[in-house]
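Asks: This structure is in structure tokens; I'll ask about it shortly.
Throughout, read-outs are computed from the coordinates displayed, never taken from laboratory work. None of these values were measured; they are calculated from a predicted model. When we count neighbours, we look across all protein chains shown, and the Cβ atoms used for this are built from the backbone with ideal geometry, even at glycine.
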Amino acid sequence: MHRISRMLACSFLLTFAALAADPPTRAHDITIDDYFTLAVVGEVAASPDGKLVAYTDTRWEPPAEDRNTEIWIVATDGASPPYRLTFDPGSDGSPQWGPDSQHLYFAASRKRDDGKAAPYNGKTQVWATGTHGGEPLAITRLADGIGAFQLAQDGRHVYYTTSGEDAQEEWKELRGKHKDVTYVGAKRAVSELWRLDMQTWRAEKLVAEKRYIRYFAVSPDQQRIAMITDPNDELITHEGRSRVDVYDAATKKVETLADELWRAQAPSPYGWLESAAWSSDGRLLAFTISFDGYPSEILLAEWKTDAASGAAPALRRAARPADVYVTGRLQWIPDSADLCFVADQRARRRIYCLESLRDGAPGKTRLLTPTDIVVDGYAFSTNVATPPAVILNDPKHTADVFLIESGADPAKGQIYKRLTNVNPQVDTWKLPQVSTVTWKSRDGVECEGILELPHDYEPGGGKLPLIVELHGGPTDSTRIALDFRIYGRTSFPAAGYAVFSPNYRGSTGYGDKFLTDLIGHENDIDVADILTGVDALIERGIADPDKLGVMGWSNGGFLTNCLITTTTRFKAASSGAGVVDQFLQWAAEDTPGHVLNYMRGFSWTEHDAYRLGSPSSRLGDVKTPTLIHVGGDDARVPAIHSRALHRALREYVNVPCELLVYPGQGHGLTKCSFRKAKMEWDLAWMERYVRRKPAEMP
């Protein structure tokens, strides 16, 4: 077995050892303002020599309205504290190490002087800097910037994509005559793939297929480049019309992989191809296909001969455990045929490994990270003696960078060594008590959810006002971790509420059947799962049946709309970016395959499914005071849904209702002031209608 594999085969003892000898006392009452002090670790990259880890740190830096991302470095020996490498409001990301472990490459959009000339015109470029800091060097200087990039393993070449337009020839003359009209679909975004030689500083165009390159991955030997391409950059074309193209450096040609496995043999024609990754020898390519409502799959292409032969690869599905949902983040353990991936399993997010996949072998699955943790990212060093760096959190800690301690006694289990503490202020916070709860739904199926209780709550301490917080997706789940976001977790327990986040039918990590049961049954079994969960908490003496609120965003907003049209038991609701009508959603959203999967077809053949799956048909039954949030430029759940809900409740049903439209915002709120507005409005709304407090503001 490969050396890293041997290290990881041992069971892990997860220990969040404090960076200080004595942890501080938890005496701070959490407030909404505390949310805006949090940093988020997003990406991690291990140096080739295994001595350093680069990671991204995203946080608000007042008075800026948007968060900024900088790159930090920490030594794996733990002998020195992390240090900040970049200092610019250009949101630095995608850190990649040079082969000497002394230089780091990254993408950033920097703006200087008048902002007119590249590379300081605000367009994304590739930059490089030494590990000791200094002014970064612009590697690319394109007027329109780049899309994605990858540094070759030898450190000599940088591969990157650029964007352009391809105009439709049909009706060209008439369109030219009436130029002031907007023609939908007349032009499409396409990509080119380039290679820059950093010795000669000459760039060569490799691929110009008049398709949009959404992702690409260069094999370690640079003999092949895998590209996931679409007809254009619109997400609707990524649903079912994406394909895997492979550039062959020897022939300079692009071949498209046969797609029967992930198209004709798939449960839905609307799958998303993602996460391409090459093995060290360049013979194995792994990628994923994911669906709304169906299990995602790992697919493998294996070349038995060298690139010059021109032989097509063998294609197959990789076996996976039936009880996990693959979320992606594919990485091969260096110098092996062992493929790692991240997957959801019962409110945990873990790293799994498929061992020895070469020569068509099915591979044995091994769990690398047991216990109650959530993995947000990981990275291997090409130094095979170095264990991986991981980003993880649990119910007591926000995400940080850890290293698996290779010197641990295998008999005692591996130990995670904490390398960072990006949010030391959290060590003093009175954190909510986070646990999992289970119950039986109306059909006898067991469901699980996350329960958050106030810090000082004790068993038998009485009934609490309850907020039901619903995750989006629905092909997603709420996980057992400290999750202080703008959607209710952490902030409401700090205000004395219990927060219940049910993983209803259609959630990930509970097996394929639990996931697919929701197909054709939205606004039905998901609602039943949620309501029976609330009943269970009432029966256990935790929730006050007279003080119930419900809130959610995206699919959570949709389910909020479903619940208030099903029952009057909730005293208040906060619906964020929620669907009201399934036909309208299919007609207006950017990824309509979502609706087609869950409704099992189009509205002209599945009339009843669209009607029963839509809260709009029962809006007249709503009695719950409802607060509505939506981004003004939301392409995923367009604002027309929220406006329709507001009109119905306020103008016709005569229910207390407020609509907050956030200008310029998409499906998620990115501005500091907008996030704070949502959090303060949600708390004030629940305080007034759930707790019946007269004060306007909390």
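Asks: Going through the stretch 123-150 one residue at a time, which ones are exposed (fewer than 14 other Cβ atoms within 10 Å of the Cβ) and under 29 Å from the mean Cα position of the chain (by Cα)?
Replies: Selection gives Asp144 alone.
Asks: Looking only at the stretch 489-534, count how many residues are in a helix (DSSP H, G or I) and either of a type in the set (Ser, Thr, Tyr) or touching a residue at least 40 places away in the same chain (Cβ under 8 Å) (or both).
Replies: Of the residues in that region, 16 qualify.
Asks: Take the residues in the stretch 149-170 that are outside any strand (DSSP E or B) and not polar (S, T, N, Q), then tell me which one is nearest to Phe216 (Cα to Cα).
Replies: Ala152
Asks: I'm trying to understand the selection: among the residues of the stretch 585-638, which are outside any loop (DSSP other than H, G, I, E, B), in contact with a strand residue (DSSP E or B) (Cβ under 9 Å, 6 or more places away or on another chain) and closer than 19 Å to Arg241 by Cβ?
Replies: The answer is Gly593, and nothing else.
Asks: Out of (1) touching a helix residue (DSSP H, G or I) at 6+ places or on another chain (Cβ under 6 Å); (2) closer than 30 Å to Arg691 by Cβ, what's the single condition that is false for Trp586?
Replies: Result: Trp586 fails condition (2) only.
Asks: Collect the residues in the stretch 639-670 that are under 18 Å from Gly472 (Cα atoms), outside any loop (DSSP other than H, G, I, E, B) and small (Gly, Ala, Ser), keeping them in residue-number order.
Replies: Listed by number, the list holds a single entry, Ser642.
Asks: Condition first: touching a helix residue (DSSP H, G or I) at 6+ places or on another chain (Cβ under 8 Å) and either closer than 15 Å to Pro370 by Cβ or of a type in the set (Ser, Thr, Tyr) (or both). Now tell me which residues in the stretch 389-399 satisfy that.
Replies: Result: Thr398, single match.
Asks: Name the one entry in Val468, Val499, Val534, Val445 that is over 26 Å from Thr591 (Cα atoms), in contact with a Phe, Trp or Tyr (Cβ under 9 Å, 6 or more places away or on another chain) and surrounded by fewer than 18 Cβ atoms within 10 Å (Cβ to Cβ). Talk me through it step by step, then tell me what you get.
Replies: Numbers: Val468 fails: surrounded by fewer than 18 Cβ atoms within 10 Å (Cβ to Cβ); Val499 fails: surrounded by fewer than 18 Cβ atoms within 10 Å (Cβ to Cβ); Val534 fails: surrounded by fewer than 18 Cβ atoms within 10 Å (Cβ to Cβ).
Matching residue, one of Val468, Val499, Val534, Val445: Val445.
Asks: Quick one: His667 ticks every box in (1) in contact with a strand residue (DSSP E or B) (Cβ under 8 Å, 6 or more places away or on another chain); (2) over 14 Å from Val579 (Cβ atoms) except a single one, so which number is it?
Replies: Among (1) in contact with a strand residue (DSSP E or B) (Cβ under 8 Å, 6 or more places away or on another chain); (2) over 14 Å from Val579 (Cβ atoms), His667 violates only (2).
Asks: Please verify whether Gly664 is within 27 Å of the chain's Cα centre (by Cα), under 29 Å from Thr237 (Cα atoms) and surrounded by 16 or more Cβ atoms within 10 Å (Cβ to Cβ), treating the condition exactly as stated.
Replies: No: the conditions fail for Gly664.
Asks: Return the residue satisfying two criteria in turn: it lies in the stretch 169-191 and is crowded, with 18+ Cβ neighbours inside 10 Å and not polar (S, T, N, Q), and of such residues it is farthest from the chain's Cα centre (by Cα).
Replies: Arg188
Asks: Taking the condition of being assigned to a strand (DSSP E or B) and aromatic (Phe, Trp, Tyr), how many residues in the stretch 535-563 meet it?
Replies: Number satisfying all stated conditions: 1.
Asks: Now for a different question. Which residue pairs have Cβ atoms under 6 Å apart, sit 6 or more places apart or on different chains, and have a first residue in the stretch 545-571 that is surrounded by 24 or more Cβ atoms within 10 Å (Cβ to Cβ) and a second that is β-branched (Val, Ile, Thr) and in a strand (DSSP E or B)?
Replies: Gly549/Ile467; Val550/Val468; Thr560/Val550; Leu563/Val550; Phe570/Val550
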